[in-house]
Amino acid sequence: MELDEFFVTGEPLIYGGMVAIVLVSSAIIFILTYFKKWTWLWRDWLTTVDHKKIGIMYILSALAMLFRGGMDALMMRVQLAFPDMNFLAAQHYDEVFTTHGTVMIIFMAMPFLIGLMNIVVPLQIGARDFAFPYLNALSFWAFFFGAMLFNISFVIGGSPDAGWTSYTPLAGAAMSPGPGQNFYLLGLQLAGIGTLATGINLMVTILKLRAPGMKLFKMPIFSWSTLITCFIIIFAFPILTVALALLTIDRVFGSQFFTLTGEGLPMMWANLFWLWGHPEVYIVVLPAFGIFSEIIAAFAKKRLFGYTAMVWSIIIIAGLSFLVWVHHFFTMGAGAFVNSVFSISTMLIAVPTGVKIFNWLGTLHKSKIEFTTPMLWSLAFIPSFVMGGVTGVMLGMAAADFQFHNSYFLVAHFHYVLIAGTVFACFAGLIYWYPKMFNHKLNERLGKWSFWFFLIGFHVCFFPQYFIGLDGMPRRIFYSAPEWFTLNFISTVGAFGMGVGFAIFVYNIYYSLRYSERETDGDSWGVGRTLEWATPTPVPHYNFATLPEHLGYDAFMDMKENGETTYDKKKLKHIHMPSNSGKPIIMMAILSFASFALVFEWVTLAAIGLFGGIIMMIIRSFDYDEGYHVEVDEINEIERTARGLNNE
């Protein structure tokens with residue numbers, strides 16, 4: 001292979017990307033070297049098994065992916081702003097919309113929420129860490145190297161260009177030769193293994209490590225939504241894993257699972273993809289519902305209205321999510337009866353979702369709302385998501401879907417659901433729990449500027465797209481006709497408004513790091529209801545000095561009313577904690593090397609990498625490190641310092 005075949009050449013924007021990568025990498029290496037932080041980086045972060053630090057790494061990675069996916073979106077909007085625009089060539093546009101969708105769903109939305117789950121769920125249920133901390137670190141590095149593998153495709157080998165759904169036969173070797181589509185398959189495979197392991201890990205953690213006395217129907221609603229999401233992950237992700245493996249075998253080894261020849265079944269890919277893909281929507285939406293529920297109850301200063309109905313609604317939505325996948329291809333000839341069945345099952349989801357809307361409105365009814373930034377994101381979510389949901393019901397009607405399908409109407413619906421339902425929740429949850437991660441709040445004034453720019457930009461961007469779609473503009477085209485100019489231009493202006501909102505949010509992180517007051521109280525907002533707010537800030541690495549017992553719906557509210565804390569000197573005992581380990585990052589780095597080799601179909605190198613991964617698994621199997629104990633004196637000292645009791 002020639003060097004100009006290995007690196008992507010001929011695109012000025014990609015040359016700019018290469019320069020940016022070199023400059024940013026050089027700056028990071030210089031800073032770490034100049035401030036002598038390599039040891040700190042390895043000891044405290046790269047080898048950590050602490051769920052809180054792993055959660056922070058997930059969120060930082062997701063923010064970087066939000067920037068990447070957002071830049072892709074802006075490039076698409078610039079291309080579509082004017083008729084006959086030549087900002088992106090057709091091939092480059094195909095690559096950009098493929099990477100935008102994949103990055104936002106797989107490498108931004110899911111890891112962002114998993115990051116929040118990592119940090120919050122063990123604290124909410126009174127656990128010291130995940131059930132399997134080592135596996136948690138392994139899961140993060142699987143996601144991280146999967147994301148890196150996918151992202152380097154735009155400078156090495158070439159990006160995938162068959163859409164984020166990667167439909168066959170378009171994504172097969174005959175119609176998409178070269179390494180681009182292999183990056184998609186191997187990157188998602190690696191990250192997907194990490195997500196599946198996280199699902200199992202979190203499910204076991206919630207079922208087995210809850211504090212004594214915390215019954216399932218007394219868990220905080222975010223933990224409930226996480227538990228149900230884990231079940232969806234466990235049942236949905238193996239389908240994607242198998243589908244990705246079969247398509248990889250098709251492309252690399254010449255089998256015929258999804259080809260047009262050799263009795264292959266291209267439609268089988270569409271079925272397998274959406275058997276995973278539709279539950280995937282709920283994997284990123286159900287935890288968001290949990291986040292909004294926590295924030296609305298906290299800043300409305302009321303117990304969540306209809307808690308039990310909310311839990312059952314989540315369970316029913318999760319079950320129905322596996323029964324609607326055909327609505328993604330009503331137009332592909334399944335027949336009237338099949339379309340009718342899936343049309344009805346699709347519209348059934350609106351029932352439990354509607355119940356949840358009334359739960360939130362009931363909680364807000366006659367409450368004293370505190371309009372903080374996370375509350376603003378949560379309040380903005382309700383009408384925005386309803387607009388996405390109602391248009392979803394329209395698309396769920398098979399006969400109507402024949403008119404809307406493949407148009408910008410669908411693009412608008414999809415973004416109204418996933419940005420309002422998931423991205424708003426990511427911002428709301430991060431701002432709400434930010435003090436638990438970094439010991440200070442984000443600046444509220446900058447936060448509200450960021451919120452309003454993003455919210456107004458969002459509606460200006462996507463609301464016109466409903467009408468462009470009704471006017472006949474198909475999705476996935478790289479040009480805009482003159483009759484669609486006005487609405488497309490307005491949509492592009494809105495996209496830049498969202499970009500400004502995100503830029504202010506990033507600046508807020510820097511500004512708050514420098515100027516915000518450090519927290520002295522674990523209940524940073526003063527309205528905490530659940531157990532995570534009972535811990536001091538910063539949260540000790542063992543989470544709880546003493547585990548609370550006999551917990552109600554709003555455990556921390558009960559503790560505040562009774563004058564109790566999670567620090568009882570008389571009950572202190574030494575605490576067993578897991579040791580950090582470098583094996584997870586090394587193991588996944590080796591497997592990512594194997595995946596990279598397979599992308600270019602260097603089978604021998606891939607086999608060597610796979611063998612290295614197996615060796616690491618064997619080494620782990622004979623690792624008898626059983627962790628360490630935090631002694632009572634150390635716990636006492638940490639708690640007294642964190643709670644400001646040293647002068648008493």
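The residue that is surrounded by the most Cβ atoms within 10 Å (Cβ to Cβ), among those in segment 72-97 that are of a type in the set (Phe, Trp, Tyr) and within 28 Å of the chain's Cα centre (by Cα), is Phe97. Among the residues in segment 151-173, are any surrounded by fewer than 20 Cβ atoms within 10 Å (Cβ to Cβ) and either basic (Lys, Arg) or part of a helix (DSSP H, G or I) (or both)? Yes: segment 151-173 contains one or more residues that are surrounded by fewer than 20 Cβ atoms within 10 Å (Cβ to Cβ) and either basic (Lys, Arg) or part of a helix (DSSP H, G or I) (or both).
Determine which member of the set Phe258, Phe273 is assigned to a loop (DSSP other than H, G, I, E, B), surrounded by 22 or more Cβ atoms within 10 Å (Cβ to Cβ) and in contact with a Phe, Trp or Tyr (Cβ under 9 Å, 6 or more places away or on another chain).
Step by step, each of Phe258, Phe273 is checked, and only Phe258 is assigned to a loop (DSSP other than H, G, I, E, B), surrounded by 22 or more Cβ atoms within 10 Å (Cβ to Cβ) and in contact with a Phe, Trp or Tyr (Cβ under 9 Å, 6 or more places away or on another chain).
Among the residues of segment 185-198, those that are more than 16 Å from Val242 (Cβ to Cβ) and buried (at least 24 other Cβ atoms within 10 Å of the Cβ) comprise Gly187, Gly194, Thr198.
Can you pull out every residue in segment 338-373 that is among the aliphatic types (A, V, I, L, M) and without any contact (Cβ under 8 Å) to a residue 60 or more places away in the chain? Steps first, please.
Let us first name the residues in segment 338-373 that are among the aliphatic types (A, V, I, L, M), namely 338, 341, 344, 347-351, 355, 357, 361, 364, 369.
Correct list: Val338, Val341, Ile344, Met347, Leu348, Ile349, Ala350, Val351, Val355, Ile357, Leu361.
Of the listed requirements (1) in contact with a helix residue (DSSP H, G or I) (Cβ under 7 Å, 6 or more places away or on another chain); (2) within 28 Å of Phe458 (Cα to Cα), Phe371 misses just one: (1). Considering each residue of segment 476-483 in turn, none proves to be open to solvent by less than 50 Å² (accessible area, probe 1.4 Å), modelled with pLDDT under 95 and either closer than 21 Å to Leu60 by Cβ or outside any loop (DSSP other than H, G, I, E, B) (or both). Restricting the search to helices (runs of 4 or more DSSP H) fully inside segment 545-648 and requiring at least 2 residues that are open to solvent by 30 Å² or more (accessible area, probe 1.4 Å), out of contact with any Asp or Glu (no Cβ under 7 Å at 6 or more places or on another chain) and over 30 Å from Trp40 (Cβ atoms) gives 555-562, 603-621. Of all residues in segment 322-337, those satisfying the criterion of being without any contact (Cβ under 8 Å) to a residue 24 or more places away in the chain and within 22 Å of Ile239 (Cα to Cα) are Leu323, Ala334. Can you tell me which residues in segment 405-423 are open to solvent by 20 Å² or more (accessible area, probe 1.4 Å) and either over 25 Å from Leu286 (Cα atoms) or not in a helix (DSSP H, G or I) (or both)? Of everything in segment 405-423, those that are open to solvent by 20 Å² or more (accessible area, probe 1.4 Å) and either over 25 Å from Leu286 (Cα atoms) or not in a helix (DSSP H, G or I) (or both) turn out to be His405, Asn406.
Residue-by-condition table, conditions (1) modelled with pLDDT under 95; (2) in a helix (DSSP H, G or I):
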position	(1), (2)
Trp141	no, yes
Gly146	no, yes
Ser176	yes, no
Ala191	no, yes
Thr195	no, yes
Asn201	no, yes
Leu207	no, yes
Ala211	yes, no
Phe217	yes, yes
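Take the residues of segment 321-340 that are crowded, with 21+ Cβ neighbours inside 10 Å and among the hydrophobic types (A, V, I, L, M, F, W, C): which is farthest from the chain's Cα centre (by Cα)? By that ranking, first place goes to Phe330.
A count restricted to segment 380-396 and to residues that are without any contact (Cβ under 8 Å) to a residue 12 or more places away in the chain and touching a Gly at 6+ places or on another chain (Cβ under 8 Å) stands at 0.
Whenever a residue of segment 629-646 is basic (Lys, Arg), its partners that are in a loop (DSSP other than H, G, I, E, B) and loosely packed, with under 14 Cβ neighbours inside 10 Å, lying with C-beta atoms within less than 8 angstrom and at least six residues away or across chains, give the pairs Arg640/Asn646.
Within 23 Å of Thr346 (Cα to Cα) and without any contact (Cβ under 8 Å) to a residue 60 or more places away in the chain: is that true of Leu240 in this structure? It is true that Leu240 is within 23 Å of Thr346 (Cα to Cα) and without any contact (Cβ under 8 Å) to a residue 60 or more places away in the chain. The single residue among Lys441, Lys448, Lys436 that is open to solvent by less than 30 Å² (accessible area, probe 1.4 Å) and of a type in the set (D, E, K, R) turns out to be Lys436. Looking only at segment 511-544, filter to residues that are in contact with a strand residue (DSSP E or B) (Cβ under 8 Å, 6 or more places away or on another chain) and under 20 Å from Lys569 (Cβ atoms); which one of those is most open to solvent (accessible area, probe 1.4 Å)? Across segment 511-544, the extreme among qualifying residues is His541.
In segment 21-48, which residues are more than 25 Å from Ala597 (Cα to Cα), among the hydrophobic types (A, V, I, L, M, F, W, C) and open to solvent by less than 60 Å² (accessible area, probe 1.4 Å)?
The answer is Ala27, Leu32, Leu41, Trp45.
The values are calculated or read from the model by the stated rules, or taken from the named source; none is laboratory data. Just so it is clear, the structure is predicted and the values come from calculations on it, not from any experiment. All Cβ positions, glycine included, derive from the backbone under ideal geometry; neighbour counts span all protein chains shown. These accessible areas exclude ligands, DNA and RNA; they are computed on the full protein's heavy atoms, side chains included. Shrake-Rupley method; radii C 1.70, N 1.55, O 1.52, S 1.80 Å.
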